[in-house]
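The values are calculated or read from the model by the stated rules, or taken from the named source; none is laboratory data. Quick caveat: nothing in here was measured; it's all calculated off a predicted structure. Every residue, glycine among them, receives a Cβ derived from its backbone with ideal geometry; neighbour counts consider all protein chains shown. Ligands, DNA and RNA are excluded from the accessible area calculation, which covers all protein heavy atoms including side chains. Shrake-Rupley method; radii C 1.70, N 1.55, O 1.52, S 1.80 Å.
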Amino acid sequence: RVISFSGLDWYVKTAPQKVFPGPQFFSDSPTNVFMDSSGRLHLRISKCQQEWCSAELFTTANVGYGKYEVRVVSPLNNLDPNVTFGVFTWDEQATSEDHREWDIEFSRWGRPFDQNNAQYVVQPYTRPGNISRFNIASDQSTTNSVDWAPTLTQMSSTETSSGRKLSDWSYSTLPGFKGVPTPGDVRLHLNFYVGAGTAPTTGAEQEII
């Protein structure tokens, strides 16, 4: 299924067998990924028989250097501890380049008392200096930005209405490292999924706008 959102066309991921991240099922059902009458995108984690089905979409066309903004209407400070909302780049073929991936992710990764509930990442996250964990305490709509340039990637999160900065981070190409991802065959992805355990901790379906 293809949908149009924010001036781009997106494929909606479907996986009738469990795949990563997770592993879990992904559904392209209009109840899991849909646009409302105001043009806002809804992503849902829903019960499908005895399992959970998550939501993901990715651009039909390649993307490259530039500035990306994702405005999240839903509060990010109280996501279920087991679920993750992510904005990221991915080049399926570029395994030796860590899939040319950078991420903004909102999750406690199954740790309900973790004071940090978000992170900026340039893959691989295991390399020192490639990840910045932080806390989104605001319950307001947020604007989360990535300015992706050849030698520098800057990420930030602000309250949409007030412009108050909640966090920011810069990552530059360091001597001896691969550094900032190059565009290659990168697509932009949005996903909302069970990032820890096998189900949301509340046992309830989840939604983000």
Restricting the range 123-172 to trypsin sites (Lys or Arg not before Pro) in coil, as DSSP defines it, with at most 13 other Cβ within 10 Å: R164
Taking the range 77-209 and dividing mean pair separation by its residue count, relative contact order in percent (alpha carbons under 8 Å, at least six apart): 30 percent
Under 5 Å, built H, 5+ apart or other chain: amide partners of R71: N144
Rounded accessible area per residue of the chain, 1.4 Å, Å²: 48 Å²
Centre separation in Å (Cα based) which lies between the range 124-161 and the range 1-31: 24 Å
Cα gyration tensor category, rounded, prolate or oblate, for the range 124-190 with a/c compared to 1.5: prolate
Whether the chain is rounded, prolate or oblate, judged on the alpha carbon gyration tensor where a/c under 1.5 counts as rounded: rounded
Translational diffusion of the range 1-97, µm² s⁻¹ [Kirkwood Rh, Cα pairs; Stokes-Einstein; 37 °C; 0.692 mPa s]: 219 µm²/s
Rounded accessible area of V72 (nearest 10 Å², 1.4 Å probe): 0 Å²
Whole-percent carbon and sulfur share, accessible surface of the range 126-209, 1.4 Å: 51 percent
3J(HN,Hα) from dihedral phi, the range 68-73, Karplus parametrisation 6.51/-1.76/1.60, rounded to Hz, x for glycine, proline: 10, 10, 10, 9, 10, 6
Amide H within-cut-off set for L188, under 5 Å, with H built and near neighbours excluded: T59, V63
Rounded, prolate or oblate (a/c below 1.5 giving rounded, otherwise prolate when a/b exceeds b/c) for the range 96-149 by Cα gyration tensor: oblate
Calculated from backbone phi, Karplus (6.51, -1.76, 1.60) coupling profile of the range 133-149 in Hz, x at Gly/Pro: 8, 8, 10, 9, 8, 6, 9, 8, 4, 10, 10, 10, 10, 10, 10, 9, 10
Ordering of 149-160, 28-39, 46-57 by burial proxy (mean other Cβ atoms within 10 Å per residue, highest first): 46-57, 149-160, 28-39
